[in-house]
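Here is the structure we will look at.
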Amino acid sequence: MTEEAKRLAGCAAVDNHVKNNQALGIGSGSTIVHAVNRLAERVKQENLKVVCVPTSFQARQLILQNGLVLTDLDRHPELDVAIDGADEVDSDLNLIKGGGGCLAQEKIVAGCAKSFIVIADYRKDSKNFGEQWKKGVPIEVIPMAYVPVIKALQSRFGGVAELRMAVSKAGPVVTDNGNFLLDWKFDKVHDWRTVNTEIKMIPGVVDTGLFINMAERVYFGMEDGTVTIRDKPMN
């Protein structure tokens, strides 16, 4: 049921936002697989001319395996649309991302897009961060700085920050950029815009998994086979 919800969200986003002659950002994670499959179908059926910028090694492989045209931000620094998943979405359409470890490249690609579209299943929808996603905010750090960053996070913002350890390899998870990941399990609801800025100012932090005021629209695949669309609140 969850996979079907992901597929529905991915297909809806691709059908509604991808047009001919676009440069696209392709996100990472399990939901994106369905979006790329749908994109490849449309390229074949409609003879669309699109080029794709990946956010990770996984996204790069997906693009190539589906016979899509791979490009990069050197050649296409301005993207028409970026489509990506999320680990949690709050009521203001802020996101927690980085459960899969690709947050810095995902944020760069999303920031280069005129339109950032998010696809998710019903389990990712929360009023406040932490209701559904219990693993904390991922933070990418330069390896030599991980201990000072942990200390700074905990003393300034509370909660517990831990180095993310790999499952099938001894030692920590290493990102596509050669960095480490911390998972900061916060203990209260924060002003996320302020916290995001302050964390990014800690020396050694590359970026956070807090995507604040970036998503334009989220497609949620629901349990009943429908798709719910939420647009960013107009402030």
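A few points about this structure:
- Residue match in the range 29-38 (condition: under 28 Å from residue 138 (Cα atoms), small (Gly, Ala, Ser) and buried (at least 16 other Cβ atoms within 10 Å of the Cβ)): yes
- The single condition among (1) at pLDDT below 95; (2) over 22 Å from residue 89 (Cα atoms) that residue 165 does not satisfy is (1).
- Filter pass, residue 40 being part of a helix (DSSP H, G or I), under 19 Å from the mean Cα position of the chain (by Cα) and on the phi < 0 side of the Ramachandran plot: no
- When we screen 171, 204, 159, 225 for residues that are without any contact (Cβ under 8 Å) to a residue 24 or more places away in the chain and on the phi > 0 side of the Ramachandran plot, the only hit is 171.
- Condition check for residue 154: in contact (Cβ under 8 Å) with a residue 12 or more places away in the chain, open to solvent by 60 Å² or more (accessible area, probe 1.4 Å) and on the phi < 0 side of the Ramachandran plot: no
- Only strands (runs of 3 or more DSSP E) whose full extent lies in the range 51-148 are considered here, and the ones with at least 2 residues that are surrounded by fewer than 24 Cβ atoms within 10 Å (Cβ to Cβ) are 79-84, 113-121.
- Candidate set from the range 158-192 (those that are aromatic (Phe, Trp, Tyr) and in contact with a helix residue (DSSP H, G or I) (Cβ under 6 Å, 6 or more places away or on another chain)); member that is most open to solvent (accessible area, probe 1.4 Å): 180
- Every residue from the range 197-235 that is open to solvent by 20 Å² or more (accessible area, probe 1.4 Å) and part of a helix (DSSP H, G or I): 197, 198, 200
- Residue that is more than 19 Å from residue 56 (Cα to Cα), modelled with pLDDT under 95 and out of contact with any Phe, Trp or Tyr (no Cβ under 8 Å at 6 or more places or on another chain), where the choices are 232, 200: 232
- Any hit, the range 151-174, residues being under 20 Å from the mean Cα position of the chain (by Cα) and within 30 Å of residue 23 (Cα to Cα): yes
The values are calculated or read from the model by the stated rules, or taken from the named source; none is laboratory data. For clarity, every value in this text was computed on a predicted model and none was experimentally measured. Neighbour counts are summed over all protein chains in view; Cβ atoms, including those assigned to glycine, are modelled from backbone coordinates with ideal geometry. Note: accessible area is taken over every heavy atom of the protein model, side chains too, but ligands, DNA and RNA are not part of it. Shrake-Rupley method; radii C 1.70, N 1.55, O 1.52, S 1.80 Å.
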